[in-house]
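All remarks here apply to the structure that follows.
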Amino acid sequence: MATDTSQYLNKWVEQKASYNKRDLLLYAVGIGCEDLRYVYEYDSDFAAFPTYPVLFGFKGTDQDVISFPSPAMQEGPSNPPLEGIKAGLDGERYIEMINPLPADGAELTLKTRLIGVHKRGSGASVEMEQLVSGSDGTLYYRLVSGAFLVGAKNFTDSGETNSKKIDPPSRAPDTVVEMPVPSNQTHLYRLSGDYNPLHIDPNMAQMMGFKEPILHGLCSLGFSTRAVLQAYGENDASKFKSVRVRFASPVLPGNTLQVEMWKEGTTIIFQTKVKETGKVAINNACLELNAGAKM
């Protein structure tokens, strides 16, 4: 009998998270920021880079090195127990800013639920929605993550999907930005809370099917978002509304990312390629700017 996945939907799990000003600085450096508004706490425009909340589900309230999976990851909702699962991959991310995070740090509440399970290729797409709120009830962010469970079978589709197909326009890109990734970038990024050994331990990387440690997909997301926001939003976090990406292939530390962009009003469609190989690393991607943002 096929697993009825609807029984796992919409069960909110609540947990705590927190961050301080140093966490914001460390994350900014971890995605290659050089703009003082993100890397210098006394800058008059100091702010959290808008993709920082992707780390809360890893970090929780911890301020020290943590295991992987982390305590916060284990406190959150579990994927449904489907038959045949061989591996879980980070497939898609959507990050929407409702209100900017306080620049001085904050105590937060994360509310997370499973919103959909759908057949996708040789497995299942499993989507989680997370709401990030302050202790006073202010809603700061809405995030949706899409995991791909390789080999999952014998289950019924259920719930909704946040996934969208976004094709680049047929014309040449309006803007192309190249972003070299330093060879030690994973060493920095992991310090924000994602301590998956895949990204630093050569032996673990080989055990997981890679020749060497790969860049965190969420680090590639940060680099790419930074390129788009700088090109079309004056690198101003207040002009960020949302970003959506699908991870297509891995990036190695030391690679150069080419971010190709097409401006469609306040929507910037983009894709990220690895210059050295020509492979697309991020696709189905767009960044929405707030209406009225100067571009």
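The values are calculated or read from the model by the stated rules, or taken from the named source; none is laboratory data. Given the structure is predicted, the values throughout are model-derived calculations rather than measurements. Positions of Cβ are backbone-derived with ideal geometry, glycine not excepted, and every protein chain shown enters the neighbour counts. Surface areas here come from the heavy atoms of the whole protein model, side chains and all, with no ligands, DNA or RNA. Shrake-Rupley method; radii C 1.70, N 1.55, O 1.52, S 1.80 Å.
Can we say ASP62 is out of contact with any Phe, Trp or Tyr (no Cβ under 9 Å at 6 or more places or on another chain), at pLDDT 95 or above and either closer than 30 Å to MET208 by Cα or hydrophobic (A, V, I, L, M, F, W, C) (or both)?
When the stated conditions are applied, ASP62 passes them.
Can you tell me which residues in the stretch 72-113 are aliphatic (A, V, I, L, M), in a strand (DSSP E or B) and under 17 Å from the mean Cα position of the chain (by Cα)?
Of everything in the stretch 72-113, those that are aliphatic (A, V, I, L, M), in a strand (DSSP E or B) and under 17 Å from the mean Cα position of the chain (by Cα) turn out to be LEU89, ILE95, MET97, LEU110.
Looking only at the stretch 216-231, which residues are within 11 Å of the chain's Cα centre (by Cα) and part of a helix (DSSP H, G or I)?
GLY217, LEU218, CYS219, SER220, LEU221, GLY222, PHE223, SER224, THR225
Say whether the condition of being touching a Pro at 6+ places or on another chain (Cβ under 8 Å), within 30 Å of ILE66 (Cα to Cα), open to solvent by 50 Å² or more (accessible area, probe 1.4 Å) and assigned to a helix (DSSP H, G or I) is met by at least one residue in the stretch 193-215.
Within the stretch 193-215 (the criterion being touching a Pro at 6+ places or on another chain (Cβ under 8 Å), within 30 Å of ILE66 (Cα to Cα), open to solvent by 50 Å² or more (accessible area, probe 1.4 Å) and assigned to a helix (DSSP H, G or I)), the answer is yes, since at least one residue qualifies.
Would you check which residues across the stretch 144-158 are aliphatic (A, V, I, L, M) and either open to solvent by 10 Å² or more (accessible area, probe 1.4 Å) or in a loop (DSSP other than H, G, I, E, B) (or both) and list them? Before the answer, list the steps.
At the first step, the residues of the stretch 144-158 found to be aliphatic (A, V, I, L, M) are 144, 147, 149-150, 152.
Matches in the stretch 144-158: ALA147, VAL150, ALA152.
Taking the stretch 261-273, which residues are surrounded by fewer than 20 Cβ atoms within 10 Å (Cβ to Cβ) and of a type outside the set (Ser, Thr, Tyr)?
So in the stretch 261-273, the residues surrounded by fewer than 20 Cβ atoms within 10 Å (Cβ to Cβ) come out as 262-267.
If the condition is that a residue be surrounded by fewer than 20 Cβ atoms within 10 Å (Cβ to Cβ) and of a type outside the set (Ser, Thr, Tyr), then TRP262, LYS263, GLU264, GLY265 are the ones that fit.
Considering the stretch 65-90 alone, what residues qualify as being at pLDDT 95 or above and open to solvent by less than 20 Å² (accessible area, probe 1.4 Å)?
Within the stretch 65-90, SER70, ALA72, LEU82 qualify.
Conditions (1) over 19 Å from the mean Cα position of the chain (by Cα); (2) part of a helix (DSSP H, G or I); (3) surrounded by 19 or more Cβ atoms within 10 Å (Cβ to Cβ), marked per residue:
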site: ASN10; (1), (2), (3): yes, no, no
site: SER18; (1), (2), (3): no, no, no
site: ARG22; (1), (2), (3): yes, yes, no
site: ALA28; (1), (2), (3): no, yes, yes
site: CYS33; (1), (2), (3): no, no, yes
site: TYR38; (1), (2), (3): no, yes, yes
site: TYR42; (1), (2), (3): yes, no, no
site: ASP45; (1), (2), (3): yes, no, no
site: ALA48; (1), (2), (3): no, no, yes
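Hey, among the residues in the stretch 237-287 that are touching a residue at least 60 places away in the same chain (Cβ under 8 Å) and among the acidic types (Asp, Glu), which one's farthest from VAL181 (Cα to Cα)?
So, considering only residues that are touching a residue at least 60 places away in the same chain (Cβ under 8 Å) and among the acidic types (Asp, Glu), the one farthest from VAL181 (Cα to Cα) is GLU264.
Name the strands (runs of 3 or more DSSP E) wholly inside the stretch 242-295 in which the number of residues that are at pLDDT 95 or above, at positive phi and under 14 Å from the mean Cα position of the chain (by Cα) is 1 or more.
280-289
In the stretch 122-143, which residue that is outside any strand (DSSP E or B) and in contact (Cβ under 8 Å) with a residue 12 or more places away in the chain is most open to solvent (accessible area, probe 1.4 Å)?
By that ranking, first place goes to SER135.
Do you know which residues across the stretch 102-148 are closer than 20 Å to MET73 by Cβ and of a type in the set (D, E, K, R)?
Once the filter is applied, which keeps residues that are closer than 20 Å to MET73 by Cβ and of a type in the set (D, E, K, R), the stretch 102-148 yields GLU107, LYS111, ARG113, GLU127, GLU129, ARG142.
Does the stretch 174-188 include one or more residues that are of a type outside the set (A, V, I, L, M, F, W, C), open to solvent by less than 20 Å² (accessible area, probe 1.4 Å), under 21 Å from ASP64 (Cα atoms) and touching a residue at least 60 places away in the same chain (Cβ under 8 Å)?
The answer is yes; a qualifying residue exists.
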